[in-house]
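Following: one structure in structure tokens, then a few remarks.
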Amino acid sequence: MNNKKVILKKIEEVVDSSRDKTLGELQAIKHIGIDEENSTVVLLIEVGKKMNEVTSVITRAIAKVVKIEYGYQSLVIDYEQARPENFAKKAKIIAIASGKGGVGKSSVTANLAYAFKALGKKVGIIDADIYGANMPKILEIEKLELNGTESGKVYPYQIDGIEMVSTEFFVEENKALMWRGPMLGKVLKIFFEDTIWSQDLDFLLIDLPPGTGDVMMDVNNFVPDAKIVLVTTPHPSASHIAIKAGFATKDLKQDVIGVIENMSFYEVGEEKHHIFGEGGGALVADKLLVPLLSQIPIGQPTGAKKSIYQETEYIGIMYLNLARKLMRLV
């Protein structure tokens with residue numbers, strides 16, 4: 001009899017306590033391999049919450065089957081956290097972060113979204129910069145309303161084929177947010193668990209707040225598989241803080257995949273003026289051992305939207321190339 005099929009059937013009966021269903025019901029066993037020569041069983045299992053109190057119970061139950069019932073000497077289990085129920089299941093998630101504010105992180109996020117769209121990808125944006133939410137303004141959305149369901153779920157706003165949610169939809173116009181940590185978690189829960197995203201999204205971009213506070217840690221809990229891209233300017237103060245933010249994200253076990261240097265220079269004719277200095281982006285990339293993905297100059301879009309470059313513009317083409325690089329990286 002095929003041991004793999006028998007063992008698989010047995011461990012499908014193990015319960016994931018974070019979702020109160022069996023691994024079989026959840027189709028949570030993503031891979032099973034048996035190395036007969038080394039008497040080892042290898043598993044990849046998806047869990048609702050990747051916490052020790054959940055995974056340790058599952059590991060013990062599976063070890064009982066693999067080691068005691070079937071006599072294998074070694075068991076290797078890798079756990080990955082399932083995405084929330086209404087969340088885009090297959091979307092590649094890229095979180096755009098920065099060490100300090102004012103480096104153009106939100107503008108980079110918005111232009112990247114349009115670049116992905118121009119390349120034929122379906123894109124969503126989460127404006128998670130809770131206190132400084134600016135995405136509706138950048139995208140020039142005037143009617144700040146979201147449609148919802150009777151059960152309390154909401155649909156993301158659609159603009160130019162891009163899906164987007166922001167705290168701007170939940171506060172009065174021109175009012176500042178005065179929320180503490182628990183309320184931040186609640187609004188992020190709306191974005192990640194109570195928003196009905198299209199299941200065919202290719203990319204979801206998260207515009208993170210500056211620094212490494214509660215929001216970044218909460219986002220990591222919701223989507224630990226998000227890839228991080230850091231935005232800095234060439235200025236030493238921006239790059240210095242970006243390096244700190246990069247190491248902090250690595251401490252959270254998040255995958256930093258590259259650096260974008262924004263406001264790199266201002267071009268007049270063929271002459272480049274380095275208004276904010278030079279080398280900041282390269283310094284951050286070198287310290288974090290990741291690639292410098294792009295050096296985006298200061299410019300002024302000429303299209304209908306004041307903050308979005310058209311794909312035929314010089315900087316618009318740079319964003320297209322940046323999007324292609326990110327597609328290869330993730």
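Matching residues to (1) touching a residue at least 12 places away in the same chain (Cβ under 8 Å); (2) under 29 Å from the mean Cα position of the chain (by Cα); (3) surrounded by 18 or more Cβ atoms within 10 Å (Cβ to Cβ); (4) under 24 Å from Lys253 (Cα atoms):
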site	(1), (2), (3), (4)
Asn38	yes, no, no, no
Val65	yes, no, yes, no
Tyr70	yes, no, no, no
Gln81	yes, yes, yes, yes
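Return the residue satisfying two criteria in turn: it lies in the stretch 288-327 and is basic (Lys, Arg) and within 25 Å of Ser239 (Cα to Cα), and of such residues it is surrounded by the fewest Cβ atoms within 10 Å (Cβ to Cβ). Even if it seems obvious, please write down each step before you answer.
Taking the stretch 288-327 first, the residues basic (Lys, Arg) are 305-306, 324-325.
Next, only the ones that are within 25 Å of Ser239 (Cα to Cα) stay: 324-325.
On the way: Arg324: 13, Lys325: 15.
My answer is Arg324.
Restricting attention to the stretch 74-105, the residues being charged (D, E, K, R) and part of a loop (DSSP other than H, G, I, E, B) number 5.
Considering Ala118, Ala113, which residue is in contact with a strand residue (DSSP E or B) (Cβ under 7 Å, 6 or more places away or on another chain) and under 19 Å from Ala323 (Cα atoms)? Criteria check complete, one pass: Ala113.
With respect to the conditions (1) surrounded by 13 or more Cβ atoms within 10 Å (Cβ to Cβ); (2) assigned to a loop (DSSP other than H, G, I, E, B), Glu25 lacks only one, and its number is (2).
Number of residues in the stretch 95-110 that are modelled with pLDDT of 95 or more, surrounded by fewer than 24 Cβ atoms within 10 Å (Cβ to Cβ) and not hydrophobic (A, V, I, L, M, F, W, C) equals 1. Listed by first and then second residue, the pairs with beta-carbon distance under 6 Å, at least 6 apart or on different chains, first residue in the stretch 120-133 and outside the structural domain of Ile162 (by TED's automatic domain parsing) and closer than 13 Å to Ala95 by Cβ, second assigned to a strand (DSSP E or B) and among the aliphatic types (A, V, I, L, M), form an empty list. If the condition is being in a strand (DSSP E or B) and at pLDDT below 90, then the stretch 124-134 contributes no residue at all. Checking the stretch 302-318 against the condition returns no match, with no residue being in the same structural domain as Phe116 (by TED's automatic domain parsing) and within 26 Å of Met217 (Cα to Cα). The residue that is farthest from Asp218 (Cα to Cα), among those in the stretch 16-26 that are touching a residue at least 12 places away in the same chain (Cβ under 8 Å) and of a type outside the set (D, E, K, R), is Gly24.
For every residue, the table says whether it meets (1) outside any strand (DSSP E or B); (2) farther than 15 Å from Leu329 by Cα; (3) not assigned by TED's automatic domain parsing to the domain that holds Phe222.
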site: Ala248; (1), (2), (3): yes, yes, no
site: Gly258; (1), (2), (3): no, no, no
site: Glu267; (1), (2), (3): no, yes, no
site: Val284; (1), (2), (3): yes, yes, no
site: Lys287; (1), (2), (3): yes, yes, no
site: Leu293; (1), (2), (3): no, no, no
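Within the stretch 1-38, can you find the residues that are touching a Ser or Thr at 6+ places or on another chain (Cβ under 7 Å) and on the phi > 0 side of the Ramachandran plot? Once the filter is applied, which keeps residues that are touching a Ser or Thr at 6+ places or on another chain (Cβ under 7 Å) and on the phi > 0 side of the Ramachandran plot, the stretch 1-38 yields nothing. Does any residue of the stretch 40-63 turn out to be touching a residue at least 60 places away in the same chain (Cβ under 8 Å), more than 30 Å from Leu320 (Cβ to Cβ) and not assigned by TED's automatic domain parsing to the domain that holds Leu322? Looking through the stretch 40-63, at least one residue is touching a residue at least 60 places away in the same chain (Cβ under 8 Å), more than 30 Å from Leu320 (Cβ to Cβ) and not assigned by TED's automatic domain parsing to the domain that holds Leu322. Of the residues Lys189, Lys137, Lys121, the single one that is under 20 Å from the mean Cα position of the chain (by Cα) and at pLDDT 90 or above is Lys121.
Condition test on Val42, is it over 25 Å from the mean Cα position of the chain (by Cα), closer than 13 Å to Ile58 by Cβ and at pLDDT 95 or above? It is false that Val42 is over 25 Å from the mean Cα position of the chain (by Cα), closer than 13 Å to Ile58 by Cβ and at pLDDT 95 or above. Residue pairs whose Cβ atoms lie under 9 Å apart, sitting 6 or more positions apart in sequence or on different chains, and linking a residue in the stretch 314-330 that is more than 14 Å from Val229 (Cβ to Cβ) to a partner that is acidic (Asp, Glu), are Tyr314/Glu267; Ile317/Glu311; Leu320/Glu311.
The values are calculated or read from the model by the stated rules, or taken from the named source; none is laboratory data. In this text, all values refer to a predicted model and were calculated from it rather than measured experimentally. As a convention, Cβ positions derive from the backbone with ideal geometry for all residues, glycine included, and neighbour counts pool all protein chains shown.
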